[in-house]
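Enquirer: Supplied in structure tokens, the structure appears directly below.
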Amino acid sequence: MFELIPFDRHTRHMMSFDPFRELEDMERSFWGGSNNLSAFRTDVIDTGDAYKLESELPGFKKEDIKIDVENDVLTISAEHKTENKDEKPNFIKRERFYGSYSRSFDVSGVNVDGIEAAYTDGVLTLTMPKKQETIPAKRSLEIK
């Protein structure tokens, strides 16, 4: 009554038996199917002189989101903490998960000192200016 079963397009005939697919299915069912707790949806847009990164982080407080840049890798992490550990509610269905979420991005082409962040209505927006390309100076050499 409370569960929707997703349609599986793969037929399970012996001729199409794939042990690796079976292992992936087992892993998905063990770790919660499509509820990937380590990732969140993100769009990256090239605006010409900068990149605009938008990540969906609904239900998070601004204080629960952490943004780090180290060795040209930008990492966004957020953590939902469980509520009322002492109280044990009688769940009929539970779809809201608690845990850590994290994504990392290569920012080698970004001026990391100019990154700006905003969090509005469950969407984290990072404006990341591109590094200015340095054109090597033209130089003529004298032959000796």
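Enquirer: How far is it, in nm, from the label point at Asp64 to the one at Lys52 when both lie 7 Å from their Cα along the line to the Cβ?
Expert: Going by the 7 Å Cα→Cβ label model, 2.6 nm.
Enquirer: Next question, about the same structure. Go through 45-51, 98-104 and give me the packing order, highest mean Cβ count within 10 Å leading.
Expert: Top to bottom by mean Cβ count within 10 Å: 98-104, 45-51.
Enquirer: So if I take the centroid of the Cα atoms in region 97-130 and the same for region 47-66, what is the distance between those two points in Å?
Expert: The two parts, judged by their Cα centres, are 5 Å apart.
Every number here is computed from the coordinates shown, using simple stated rules; none is lab data. If you're wondering where the values come from, they're calculated on a predicted model, not measured in any experiment. No Cβ is skipped: glycine too gets one built from the backbone with ideal geometry, and neighbour counts run over all protein chains shown.
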